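Q: Here it is, the structure in full.
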Amino acid sequence: MDPLFQPININFLSVKNRIFMPAMHLNMADNFQVTDQIVDFYIERAKGGAGMISVGYATVDELSGNSLNIGAHKDEFIEGLSRLASAIKDNGARSCVQLNHSGRYNMSFFLNGEKPVAPSPIASNLTREVPRELEKDDIKNIIKRFADAALRVKKAGFDAVEILSGTGYLISEFLSPLTNHRTDEYGGSFENRIRFGIEIMLAIRQAVGEDFPIIVRMNGNDFMRQGQGREELLKYATALEEEAGVDALCINVGWHEARVPQITASVPRGAFGYLARGIRDVVRIPVIASHRINDPVVAREMIADGLCDMVAMGRSLIADPSLPEKTRTGREEEIIHCIACAQGCFDNLFKLKHVECLCNPRAGHEKARATIQTDKPKKVMIIGGGAAGMNAAMTLADRGHKVSLYEKSGRLGGQLYLAAAPPGRDEFAEFAKNLATQISIRNIDLHLNTSVDIDMIKNANPDHIILATGAVPVTPPIPGIDKSHVEEAYLPGSDQLCHLTLVEFSRVVQAWDVLQNKVYTGENVVVVGGGAVGVETALFLAEKGTLSGESLKFLLINNAEPPETLYKMATKGTKHVTIIEMLDKVGKEFGKSTRWGMLQDMERVGIDVKLKSRALEITRDGIIVETPNGVQEITADSIVIATGSASENRLLPEIKSLNIPCDVIGDAKSIGMAFDAVHQGVIAALKI
């Protein structure tokens, strides 16, 4: 039997499979109340086959969150919680609420000017606000509020309660010596620092009874310097089982402030399973692994290989609510995988917007973007097979329209393959393949290697046209930019005589051609433009000549080189890359979740960045640049142009002359992100 679909017990609660949807802040509550939007969101995931769904986090008192969180700190919230519990259970999943107190991660902005609270008055790197130190009476009150909230969860009809004891929130602030400088019984020694968390669990057990499942979400490693590493957290896990009597552990990764990427595409699938394995080795209760588990193959192997008992698939079920059911029924190839872009699920939270998804434009819009069959099927011609065109085609086909999709190249996906080229971004190519599969399983008339012209449109005679022809790279008017001839360079050979080998490389090239490996660049490269494409191209080039993951493992386990040497060989390539950017920062298009990691990678691999700088002229030897420190010439073998793109919609005037209704979407309409293209495709299709 498939390990993913074997039932499991948590306390006396039987769960039908090993897929656990962890709590994720959705920004969908209204003054702490459960909304229809939240209910609709979770109905979809319950129908999709998840074994258990945890919602939240939910607040335990007035300082523990904000009004966009689900509330559990007053009896008036029980009715909404009950409606949510019923919605999840009536559609086949077990239900759970995660309780949390954000501690110093809260902001006075959300608390009507009142200070957030913490074990010690130490500001976080996220808020920069110094919190108020909790008095002993405050601590006892918070413990009671956790227990009261857990009882409300039980009264509302949920099957279990989960406590968040990680991620840098209040309980983990007590656990860590980094944030707990107290000198009373709640600070100092390990036994004292875990006291707050243990007393919370004991109070909850007293409130909900012995048979009601209590799950704790805790860090396997906080990844914080001078924080709490694996060894202490292993001891904490043991204490949670033996002293507090909890029923399962869900293993989280890092604090929000940690400088180790946790949720972005650069994190390999299942990379943090080792943390769950370490804890599973010291406890007897079920252990749930989490973070970057977006594929049933990875999930299945983690369970079968003994790393964990269940897998937490959160953003994976935002991207495809039906992932469990598709897996159970042998349709794994139809899954839309989460690509860990974080553009809609995490970055939206910083904008105080509700959760959405690049891969699933219906997420957060379950009712508004429901697929309703049309009573007037139309013949729709879609020109362009990128993210926008494919999503439009899928939606139209599902609604019953007759769809023809035309793509000038030999494959679907468009610029998704460009986005997939830099290191750690290959999930974008996976998304392109997932969408192409969705096209293949629908009644869509697909035409690859087909450039559409006006005569073709006339012959097709569609009722409606969607123009999704994307964009083309811009070539700026820099003097000397036409010096795109091939240069010759003599590079050292590998034999003892150091023979010189003739290598041809391109002098001035477009970033798109570099990312598609259509051209070769020299050793010293200047990238003109520090937007998203410029940064991605610079990282792509800086990776050249570094050790692959496979090679690194081979050399490491065979002690071929010292670890310090291997680290250098894994991060330092054979090219020296410089970015020139006119603005005061690079990568401004990236969301918060991705940008800091990109900047960290750029520093690690040694990419030079010249901000507030402008390219004046491309010369035989390099490029002349105007910088804040004056004009200078940078020696370069190759110049890469990454100065943006322009909409490709040359067919539009001719289409208008035919008086055929036409929608322009994606980059063909205006230059944006893949997120914009996907959503525009669906919105346009729903209006036809």
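What follows is calculated from the coordinates using simple rules that are stated; it is not laboratory data. Remember, predicted model here, so these are calculated numbers, not experimental data. Heads up, the Cβs are rebuilt from the backbone with ideal geometry, glycines too, and the neighbour counts pull from every protein chain shown.
Q: Which whole-angstrom value gives the distance between the alpha carbon centres of region 55-83 and region 243-264?
A: 22
Q: Name the residues whose placed amide hydrogens come within less than 5 Å of the amide hydrogen of VAL527, ignoring near sequence neighbours (fewer than 5 apart) on the same chain.
A: Here the answer is THR578, ILE579, ILE580, VAL640, since their amide H atoms fall under 5 Å of that of VAL527.
Q: Report, to the nearest 10°, how far helix 427-440 tilts away from the longest principal axis of the Cα atoms in the chain, using its own Cα long axis and a range of 0 to 90°.
A: In the chain, helix 427-440 runs at an angle near 80 degrees to the longest axis.
Q: Read phi for every residue in region 19-29 and hand back ³J(HN,Hα) as whole Hz from Karplus 6.51 cos²θ - 1.76 cosθ + 1.60, θ = phi - 60°, with x for Gly and Pro.
A: Result, ordered by residue: 9, 10, 8, x, 5, 9, 5, 9, 6, 10, 6 Hz.
Q: Something else: Packing-wise, with mean Cβ within 10 Å as the measure, how do 304-317, 654-667 rank, highest first?
A: 304-317, 654-667
Q: Taking the Cβ of LYS572 as the centre, find all other residues whose Cβ is under 11 Å away and add up their charges (Lys, Arg: +1; Asp, Glu: -1).
A: It works out to a net charge of +3.
Q: Would you work out the Kirkwood radius for region 303-391? I mean one over the mean of 1/r across all pairs of different Cα atoms, in Å.
A: Evaluated on region 303-391, it is 15.7 Å.
Q: Also, I was wondering about something else. With viscosity set to 0.890 mPa s at 25 °C, what whole-number translational diffusion coefficient in µm²/s follows for region 608-688 from Stokes-Einstein and a Kirkwood radius over Cα pairs?
A: 149
Q: Tally Lys and Arg at +1 and Asp and Glu at -1 over the other residues with C-beta under 11 Å from the C-beta of LEU448: what net charge comes out?
A: +1
Q: Under the Karplus relation 6.51 cos²θ - 1.76 cosθ + 1.60, θ = phi - 60°, what is the ordered set of whole-Hz ³J(HN,Hα) values for region 441-447, x standing for Gly and Pro?
A: 8, 10, 7, 10, 7, 9, 10
Q: Out of residues 5 or more away from GLY270 or on other chains, whose amide H comes under 5 Å of its own, with H placed 1.01 Å from N in the peptide plane?
A: Hits under the 5 Å cutoff: ILE293, ASN294.
Q: Between ARG331 and VAL472, what FRET efficiency comes out of the Förster formula 1/(1 + (r/R0)^6) with R0 = 45 Å and r the beta carbon distance, rounded to 0.05?
A: The value I calculate is 0.75.
Q: Also, quick follow-up: Among the trypsin sites (Lys or Arg not before Pro) in region 334-443, which ones are in a DSSP loop with at most 10 other Cβ atoms within 10 Å of the Cβ? Mind listing them?
A: Here the trypsin sites (Lys or Arg not before Pro) that fit, given the DSSP loop and packing criteria, are LYS351.
Q: Using the Cβ atoms and a cut-off under 11 Å, what net charge is assigned to the surroundings of ASN221, where Lys and Arg are +1 and Asp and Glu are -1?
A: Every neighbour counted, the sum reads -2.
Q: Need the C-alpha centroid separation for region 356-381 versus region 159-236, integer Å.
A: 43
Q: While we're looking at this one, here's another question. Can you list the residues, at least 5 places off or on another chain, whose amide H is less than 5 Å from the amide H of ARG132, using H built in the peptide plane?
A: Answer set, sorted by chain and number: VAL117, ALA118.
Q: Calculate how large, on average over all directions, the projected area of the Cα convex hull of region 3-350 is; give the answer in nm² to one decimal.
A: 15.2
Q: Still on this structure: Using per-residue counts of other Cβ atoms within 10 Å, averaged over each peptide, order 125-132, 464-471 from highest down.
A: By packing density, highest mean first, the sequence is 464-471, 125-132.
Q: How big is D, in µm² s⁻¹, for region 486-643 by Stokes-Einstein at 25 °C and 0.890 mPa s if Rh is the Kirkwood radius over C-alpha pairs?
A: Approximately 146 µm²/s, per Stokes-Einstein.
Q: List the lysines whose Cα sits under 21 Å from the Cα of LYS136, skipping any in the same chain fewer than 8 residues away.
A: LYS115, LYS144
Q: What are the ³J(HN,Hα) values, in whole Hz, obtained from phi via the Karplus relation 6.51 cos²θ - 1.76 cosθ + 1.60 with θ = phi - 60°, for each residue of region 174-184 in sequence order, with x given for Gly and Pro?
A: For region 174-184, the Karplus-derived couplings read 5, 5, 8, x, 5, 10, 10, 10, 5, 10, 8 Hz, x marking Gly and Pro.
Q: Oh, and also: How many angstrom lie between the Cα centre of region 619-651 and the Cα centre of region 293-316?
A: Here the two parts' Cα centres lie 45 Å apart.
Q: Tell me the Rg and the Dmax, in Å, that the Cα atoms of the chain produce.
A: Over the chain's Cα set, Rg and Dmax evaluate to 27.3, 83 Å.
Q: Taking the 0 to 90 degree range and rounding to the nearest ten, how far is the long axis of helix 532-542 tilted relative to the main principal axis of the chain, both from C-alpha atoms?
A: Computed tilt is about 80 degrees.
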